[in-house]
Each structure stands twice: as structure tokens, then as C-alpha cells.
Amino acid sequence: MAEAFLEVENLNTYYGDSHILKDLSFKIRRGETVALLGRNGVGKTTTLKSIVGWVPPRSGRVSFEGRNVTGQEMMKNARLGISLVPEERRIFTNLTVFENLKLATVTAQKPGWSLQDVYDHFPRLQERATNKGDEISGGEKQMLAIARALVQDTKLLLLDEPTEGLAPLIVREVEAIIREIKSKGMTILLVEQNFYSALAVADRCYIIDQGTIKFEGTPDQLRGNTEVLSRYLHV
Amino acid sequence: MDADIFLILLQDGVVNGAIYALLALSLVLVFAVTRVIFIPQGEFVAFGALSYATLDLGRTPRSIWLLLALGAAATVCGLWTQRRTLNRTALAMLLSETAVFPLAVAGLVLWLAPLKLGVAVEAILALAIVTPMGLLIYRVAFQPLAEASVLVLLIAAVGVHLALVGLGLVFFGPEGSRATAFSSANFTLGPLSVPGQALWILGFTALLIVGLYLFFGFTLHGKALRATAVNRLGARLVGIPTADAGRIAFGLAGFIGALSGVLIAPLTTVYYDSGFLIGLKGFVAAIVGGLVSYPIAATAAIAVGCVESFASFWASAFKEVIVFSVIVPVLLWLSLRSGAPAEEE
């Protein structure tokens, strides 16, 4: 295996007394799109939160580009190029779409996409540029949250359920955007409930159950493994 | 009551209201950015006024020792909270803020205070002593609790208030002080005699309100502060340092408090514990604005000043009672209208 871009080793994360992640380990190579699958409540979101330092792990190690970033403050990880787009999106509702993007540009260490790049790929955001964050639709919020990560010099994009709660038509639009970002060489860790949507874009996938990795393989290997599918994903 | 008395009371109310407006804006700012209901705001007024009055007498205000002590405490807290992430630049920034700047201010005050260089220099020195206290208090008392609930932060704020009032007694003594006015000018406007100081107060209030409006509306720093206020997690996700936002808010609170103190020092005798009541009136106005609206808070502050001045004419014994009773219907209305405010995760 080529050198890992992101390496997660024996991560143990707790919420109070409940042990959520148990010796969780996996790797992502540069330029890969990896899907993290599993049922509700098995620790997918917690894995993302542990990587960025939102919920620091109690033990284990997270290295990014060979650098130890375990439990490092979220803001610092953002500045290193690890961007989390959380399920709730967390855009700034009191600022306009344009201001949201502008602010992300200024706090970035190095520039990523230009505003024009963003508008070329997300024409809806250009139409909504002067609308405030609470005046746009759920799909547009998701696009803004992704775009906000792209204008920064993001090297690893963590997407938590990007298609959650969106209308089917918008889901397809968001999927197309993810493929587009991927084709530009971005490394992506994708958490999805929507198994078909995730397999359509992923190069490799991991299945989590009860806080540990139970399966690792390509989408084709997973599609062919009915036992794993029915046991961990109920499909 | 005749028209003359009405005008005089109105003038008094507007001038006091302007000071309350400054404090209300500061309270809204601090709450919006850090969720701290900043009870000790008034202490900065008292410290600013007393430091200025002492400098005005050509003596060295003992508040510089308080500044140095706070600086030392903030250095220790900063080293502790950042112990894992401290590198050379972070250490230099921490020390320049908590040690070098307070020492420089103290040195400057020790050197310049006996020279009696006039009101402008004295006012600037008083501001320089009190403004950093805001930011140091944030480092000591609130930054370690940044993720706590509003209630915990309020309890910490009450603690800081009690500590500062006690320290005020230690550093300034129980006697009140009054300072020279910025100008001895006096204008006659019909039946009104308008002291120059009143115009200074109104001028500075207007200037600060316009300044804050421009800062929050048009600069990226201001927008980042507003963004942090609404969405702390979102801010951290895009790499906005929320602790810096908190320090800026508290620094501004220190500055606004100190400026209010310097402005009122020539108009009224200020004691070490005078700040609390003044701050509470700003608080009433801030509450009317729901702790979120700057324009409503500023307007309400002028109204509070006027209610106070008319109440002191008709029922001076009940002056404070009347002012603080104003808050009851407002709270009722706010709670009926919006229910319990939702707190962000």
C-alpha cells in the first residue's frame, strides 16, 4: 500500500461513559474516495468528529500527511487542510452566501478554488450570492457547505451524509458535484447511510459496526458479499 | 412641571441614556460573541472613572497594580490552557498580551502621571489601563469555560463582578472621586444650559455606535465576529479562532466601559462600587433588545435614561425601583412572544 494520506490507528472515543469507537483503524491514500458505511449509531459520524478533533479520542492516533494530529483543535486541523462538512452543515445563517464564501477564503492558510471556480461548478450559489444563509434551500446549504471547504486549501474533505434529507433530484446534483471534486484529485472520506449513492462514487469502502471496522474492500467486492451486506447493512 | 423643567430633565435623561447605550451595546456584543452575560461591565466604568480622576490629581492610580496582577494570572492561565499546543509564536503572542503590554502601560503611567500632561493624555492613560483588563479577565475567567452553558458563564460573571468590586475597594479606597471636565465650555440653548462634557458624551457615543456599525457591517473581522456569535462550531470548522473572537469582544467591552467611566467622571462622583448600578441600567436596555439587537438596545438605553431622570423628579426615592420595573413587562412580552430561547449545541 502506498503511504497513507490519513491514517487512523486504534482510535478509542467515548461520550461520557459510553465507548463509541473501539480500536478503530483504517487508512486513506492520496486522491482516494473512501466511503464509511454502517447502520445508524455505529460510530460513523463519531469517527469524523474524532479525526477533526471535535470529539477528541481518548486513545489512539490520527496522522495526516505523516503528521500527528490526534485530538488537535478543530480550527487547527481546518487550517492544515482537513475540512469537515457536518451533517447539520453549520453555515453562517446571518451572512450572505457570498460572505460565507469570502470569510472562508480569508481564514484559509492558502487559497483553494477561486470564487469563479465555485460559481462555475455551483451555478445555484451564484444565483443566491446575495441571499442570507437562512434564506436558501437545504440542497443549496449543502452546496454552500461543500463550496466553503473548497475555497480553502482543503486536502482532505470529510463529508457527513451529504445527501441526507434532500429531494431525489438534488441528491443527484450533489452526487455529480462529489464526482466532479473527486475527478479534480481531492481526497474524500464519505459517510453515508445511502449505500447505493456511496458505492457509486467510492474507490474503496469500510463498514463499521459497534465501533470497529468489519469489512474493507472495493465497491464490487462489497456488492458481491451478500453475507456482509445483510449482516451489517441489512440490504 | 413646565416646559423648562421638562427640557432639563430630557437633557439629563438623554446624556445618561447615552452612557447606558454604550454599556448596552457592549453587553450585547459580549453576549453575542461569547454567550457571557457580562455583569462586571460596570466595574470597568468605575475603574476607568477612578483611574482618570486619580491621574487628574497628578497621582499614580493603583489600578496599574491590578492590571499587572491580572496580567500575571492570565499568563499562568494561558500557559496552562495552551500547554499542549504552545510554540514560539504562540508564546510570544501570549506574553506580549499578558506581560509586555501591561508592563509597558504601567511604566508609562508611572512616568507620565506626575507630569500632569492634561486631560487628553490622562484620559488615554486611563483607557490604556482599563481596556486590557477586559481581555485579561476573559483569559482568566471565561476562556477556560468557553464551551460551558449560559448559566455557568453567568455564575462565573457574578463571581468576577464580586471579585472586581472587592479589588476596587482595595485599590481605590472607599472615597469617591470626581475629575475635571474635558472642556469648561458651556452652551446656552434657550432655557437649557448645556455643559461641554454632555456634548463630549453624546459625540463619543455617536462615534462609537457608527464605528461599531461600520466594523460589524462592512469589515471582514466584524463579520467573522458576527459569524462566530451565531455559529461557534461553524466558525471552528472554517478555521476562525473563536477564542480570538472572545478576546476581541472582551477587549472592546473593557474599552467601552473605561470610556464611559472617563466620560462620566467629571459629571458625577464615582465610588469603587458605583459601576454596578450604571452597568445594570445598561443591562436593562440590552435585555429590551433581547441581548441581540444593537439598535433596539441603544434606543432602549436612551429611554432608560429618560425614565430615570423623570422618575427622579417625581419620585426620587423610587427612582431605581421605577427604572428596574421597566424590565418586567419587557421580559413578559419577550417570553410570551418567543418562548424559551433555543441554545445552540
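With a 1.4 Å probe and every protein chain left in place, tell me how much accessible area B:Glu147 has, in Å² to the nearest 10.
120 Å²
Divide by every residue of chain B the summed helix terms, -39500 (n - 2.57) for each DSSP H run of at least 4, and state the resulting mean residue ellipticity at 222 nm, rounded to the nearest 500 deg cm²/dmol.
-24000 deg cm²/dmol
Counting only protein heavy atoms and using a 1.4 Å probe, what share of the accessible area of chain B belongs to carbon plus sulfur, as a whole percent?
72 percent
Give me a single rounded figure for A:92-104: the average over its residues of other chain Cβ atoms within 10 Å of their Cβ.
4
Just by accessible area at a 1.4 angstrom probe, what is the order of A:Lys44, A:Lys22, A:Lys182 from largest to smallest?
Reading off the accessible areas and sorting them downward yields A:Lys22, A:Lys182, A:Lys44.
Tell me: how much accessible area in total is hidden between A and B, 1.4 Å probe, Å², nearest 100?
2000 Å²
Once every Cα of the range A:89-154 carries one equal point scatterer and solvent is ignored, give the base-10 log of I(q)/I(0) from the Debye formula at q = 0.16, 0.17, 0.24, 0.26 Å⁻¹, two decimals.
Treating every Cα as an identical point scatterer, log10 I(q)/I(0) equals -0.42, -0.47, -0.96, -1.13.
As an exercise, identify the trypsin sites (Lys or Arg not before Pro) in the range B:130-237 lying in DSSP coil whose Cβ has no more than 16 other Cβ atoms within 10 Å.
When the trypsin sites (Lys or Arg not before Pro) of the range B:130-237 are filtered for loop state and at most 16 Cβ neighbours within 10 Å, B:Arg178 remain.
Put simply, what bits of the range A:39-80 lose 50 Å² or more of accessible area when the other protein chains are there, versus the chain on its own (1.4 Å probe)?
Flagged in the range A:39-80: A:Met74, A:Met75.
Write down, largest first, the equivalent ellipsoid semi-axes of chain A in whole Å, where each equals the square root of 5 times an eigenvalue of the alpha-carbon gyration tensor.
Taking √(5λ) for each eigenvalue gives 28, 21, 16 Å, largest first.
Cut-off under 21 Å on the C-alpha distance; same-chain residues fewer than 8 positions from A:Lys49 excluded. Which lysines are left, in chain and number order?
Of all the lysines, those that pass the test against A:Lys49 - Cα under 21 Å, at least 8 places apart if same chain - are A:Lys22, A:Lys27, A:Lys76, A:Lys141, A:Lys155, A:Lys214.
Take peptide B:284-292, look around each residue's Cβ out to 10 angstrom, count Cβ atoms belonging to other protein chains, and average those counts.
0
I'd like the carbon and sulfur percentage of the solvent accessible area for the range A:89-154, probe radius 1.4 Å, heavy atoms only, ligands and nucleic acids excluded.
Roughly 47 percent of what the probe reaches on the range A:89-154 is carbon or sulfur.
Shielding by partners for B:145-153, please: the mean number of other protein chain Cβ atoms within 10 Å of each residue's Cβ.
That average works out to 0.
If you put +1 on each Lys and Arg Cβ and -1 on each Asp and Glu Cβ, how big is the dipole of the range A:71-135 around its Cα centre, in Debye rounded to 20?
About 220 debye.
Take each uninterrupted DSSP H stretch in chain A, measure its Cα extent along the helix axis, and return the ones at 15 Å or beyond whose mean Kyte-Doolittle hydropathy is at least 0.0.
In chain A, the long hydrophobic H runs are A:97-107, A:138-151, A:168-183.
Taking a probe of 1.4 Å, how large is the accessible area per residue of the range A:89-154, in Å²?
On a per-residue basis, the range A:89-154 sits at 39 Å².
The values are calculated or read from the model by the stated rules, or taken from the named source; none is laboratory data. Worth saying up front: this structure is predicted, and the values here are computed from it rather than measured. FYI the Cβ positions are ideal-geometry reconstructions off the backbone, even for glycines, and counts take in every protein chain you see. Keep in mind that these areas ignore ligands, DNA and RNA; they rest on the heavy atoms of the full protein, side chains included. Shrake-Rupley method; radii C 1.70, N 1.55, O 1.52, S 1.80 Å.
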